[in-house]
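Values in this text are rule-based calculations from the coordinates and carry no lab data. Not measured: the values here are computed from a predicted model. FYI the Cβ positions are ideal-geometry reconstructions off the backbone, even for glycines, and counts take in every protein chain you see.
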Amino acid sequence: MYTTEKWKTGILVIVMALFCGSANAQRWRSHCHPHRVVTIVDRPNVTTHVSNRFNQRERLALAVAYLETHEYLSIRQYAKMTQLSKVSAEAELNAFAMDKNKPIQFVIKGKKKVYIKK
């Protein structure tokens with residue numbers, strides 16, 4: 001019987017220590033940060049799908065048609081026309097300019113790289 005009382009006393013001491021510790025922690029938290037509000041927001045998984053209306057041949061035709069009526073084509077203008085990013089637009093225009101069979105070449109105009117018709 002004596003061991004049962006020791007167990008009960010031990011369990012009671014542990015429960016009181018845990019209860020008092022958590023109560024003390026809650027009191028301290030409300031004292032130090034009375035106006036703190038924590039909001040947890042779960043971000044949704046967003047999948048972006050990039051679709052382009054034009055294939056590469058159609059984009060080349062757009063660039064050539066633009067150069068028929070304009071002096072030069074900038075990367076920004078080509079990106080707007082084709083709905084590509086500026087990096088993709090520049091890479092594609094560079095590929096067009098490197099190909100000798102395509103009627104586009106690039107020149108440096110001031111600080112900008114622009115593309116003209118051969």
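Fewest-first ordering of Ile11, Ile75 by other beta carbons within 10 Å of each residue's beta carbon gives Ile11, Ile75. Note on Lys118: lysines with a C-alpha under 19 Å away, same-chain residues under 8 apart excluded, are Lys100, Lys102, Lys109.
In plain terms, the chain from Trp7 to Ala95 could stretch by 23.5 nm, reckoned as 0.36 nm per residue minus the Cα-Cα distance.
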